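Working notes, structure below.
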Amino acid sequence: MIRFRPKCYKGTRLLPKIDHMSLKDKHKWNTKYGVSEYITGSEPCEWLQNNADLLTGEGRALDIAAGEGRNAVFAAEKGYEVLAIDISETGLDKAHALADQKKTKLETQVVDLDEWKFKKNAFDLVLCFNFLDRRIFHEIKNTLKPGGLIFCETFTVDHLKHSDFKREWVLEHNELLNVFREYHILRYREMDRDEKAFASMVARKKNDA
């Protein structure tokens, strides 16, 4: 079991033993990321970049399912102390390489989200892009500090006509708005373009949430 460390060790790779790791997922993503190029690019997601005016650059940030680290590195460039977590050490190694290119630093941990424990009120910013696990919605909300921001973007049910995804892998219409209904929704959209359908949200945790 992985437990969050209270101190941020900048530029370090934490590779603790993980019991019950999903070896199938681990192998799949290590294989995908085991190429020289960045498979999703080295620049941050459009939604994060276009809403960067909301980022204060102060405090700690968590990037969930960070992959090759493009969003985590962007947050670090903005001034956050960033922890990037993912099941793939190959992806996180590339995240460190990207951080070096951008002359910034971040912390990474290889984790199995079925086992990882989210510390309460630990982060000022949470990023979750192209990943959906409804079982951890409650944990994500708890780990964000009052006044903190969450950036979230992933596929919606409309994407089923463009892919062979299962319905449980995608959001229903307005699902994020419902899950985070006690938050202050700052920006939200649902898009269907270029054979991709997705929902994007930025929300602030209220002080009494």
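Here's a check for you: in the stretch 171-209, which residue that is acidic (Asp, Glu) and in a strand (DSSP E or B) is nearest to Asn121 (Cα to Cα)?
Glu190
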Answer with yes or no whether Phe123 is in contact with a Cys (Cβ under 9 Å, 6 or more places away or on another chain) and modelled with pLDDT of 95 or more.
no
Which pairs turn up if I take residues in the stretch 21-49 that are within 17 Å of Phe129 (Cα to Cα) and at pLDDT 95 or above and look for partners that are of a type in the set (A, V, I, L, M, F, W, C) and assigned to a helix (DSSP H, G or I) with beta carbon separation below 7 Å, at least 6 apart in sequence or on another chain?
Ser42/Leu98; Pro44/Phe74; Leu48/Phe74
Please return the ranges of strands (runs of 3 or more DSSP E) entirely within the stretch 58-170 where 1 or more residues are surrounded by 18 or more Cβ atoms within 10 Å (Cβ to Cβ) and free of Cβ contacts under 8 Å to residues at least 60 places away in the same chain.
81-86, 144-155
From the residues in the stretch 158-209 that are under 20 Å from Cys45 (Cα atoms) and among the β-branched types (Val, Ile, Thr), which one is modelled with the lowest pLDDT?
Val170
Select from the stretch 111-130 the residues that are charged (D, E, K, R) and either over 21 Å from Tyr80 (Cα atoms) or in contact with a strand residue (DSSP E or B) (Cβ under 6 Å, 6 or more places away or on another chain) (or both) and list them in ascending order.
Asp112, Asp114, Glu115, Lys117, Asp124
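The values are calculated or read from the model by the stated rules, or taken from the named source; none is laboratory data. The model shown is predicted, which means the values in this text are computed figures rather than measured ones. As a convention, Cβ positions derive from the backbone with ideal geometry for all residues, glycine included, and neighbour counts pool all protein chains shown.
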